[in-house]
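Worksheet for the structure shown next.
The values are calculated or read from the model by the stated rules, or taken from the named source; none is laboratory data. Treat the numbers as computed from the prediction; the structure is a model and nothing was measured. Methodologically, a virtual Cβ is constructed for each residue, glycine included, from the backbone with ideal geometry; neighbour enumeration extends over all protein chains shown.
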Amino acid sequence: MHKKGIFSVKSCCWSLNSNQTMEMEWPWKLIWKIKIPHKVSGFTWLAIRKARLTHEVLQRRGIQIFSRYMCGEEAEVNSHLFLHCRTSINLWDMFLCILGVNWVIPKTTLDLLRHWEGVGRRRRSKEDWWKCIPACIWWTLWKERNERSHDGKLNSIQKIKMNSLSQLYFWCKQDLA
C-alpha cells in the first residue's frame, strides 16, 4: 500500500521489488551513471531489454531478411550476439584478462549487468573505468555486426579488439558527463 493508505499497482510493485535481493535489482547505474555517450547508454538499455533490432526481433515483427550472422554459426539472438558468439567471447576474455578476473559469462545481458559490479569490485581500485566495459563491448559488436550485415566488411578479431580498446580509452579520457 501507498503511504497514504491507497493501493496502487506501482506501490505493489515497489513492495514486491523491495523484498528481492540486491543482485536482482535493475542495473540502471551501469547504464545511465557511467561516462559513456548518451546514445550508447540508450543502446545498452535496449540491449538488456532485448529490444535491439537483431534478426530475432525483426522476424518476430514479421520482417523476413537474409541473415548474415556475426560468427556464421548460430542465429542472431540477443544473448548470442552480445555474450556467446565467438567474437564476443574473444572480447569478453580480453577484458576479463585485463581485469585479472576469471568469470563465467551469464546467460542474458541483463544478468551480466546485474553481476558486473561484483566483477569490478574484485579489482580493488578506486577507478571505475571497468564499469564501461559491457557497453563498450556491446557497442563494438553492434558496429561490427552492422558493417558485416550492411557493408559486407569483415574485420579480423585483432582489429575488433583494437577498436574496442580504443573506444574504451576514448570514453575514459573524455569528459562525457
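Hey, could you check the range 71-95 for residues that are charged (D, E, K, R) and outside any helix (DSSP H, G or I) and say which is modelled with the highest pLDDT? Out of the qualifying residues, it is GLU76. Within the range 139-177, restricting attention to residues that are among the hydrophobic types (A, V, I, L, M, F, W, C) and part of a loop (DSSP other than H, G, I, E, B), the residue that is farthest from ILE48 (Cα to Cα) is LEU154. Could you go through the range 96-106 and let me know if any residue there is small (Gly, Ala, Ser), at pLDDT 70 or above and loosely packed, with under 12 Cβ neighbours inside 10 Å. Yes, that holds for at least one residue.
Going through VAL57, VAL40 one at a time, which residue ends up being at pLDDT below 65 and surrounded by 16 or more Cβ atoms within 10 Å (Cβ to Cβ)?
Values: VAL40 fails: at pLDDT below 65.
Just one listed residue meets the conditions, VAL57.
For the range 43-54, a tally of residues being among the aliphatic types (A, V, I, L, M) and at pLDDT below 70 returns 2. Sub-6 Å Cβ pairs linking a first residue in the range 148-177 that is more than 16 Å from LYS35 (Cβ to Cβ) to a second residue that is in a helix (DSSP H, G or I) and modelled with pLDDT of 85 or more, at least 6 apart or interchain, are LYS153/GLU147; ILE157/ASN90; ILE160/GLU144; LYS161/MET94; ASN163/THR140; SER164/LEU91; SER164/CYS136; SER164/THR140, ordered by first then second residue.
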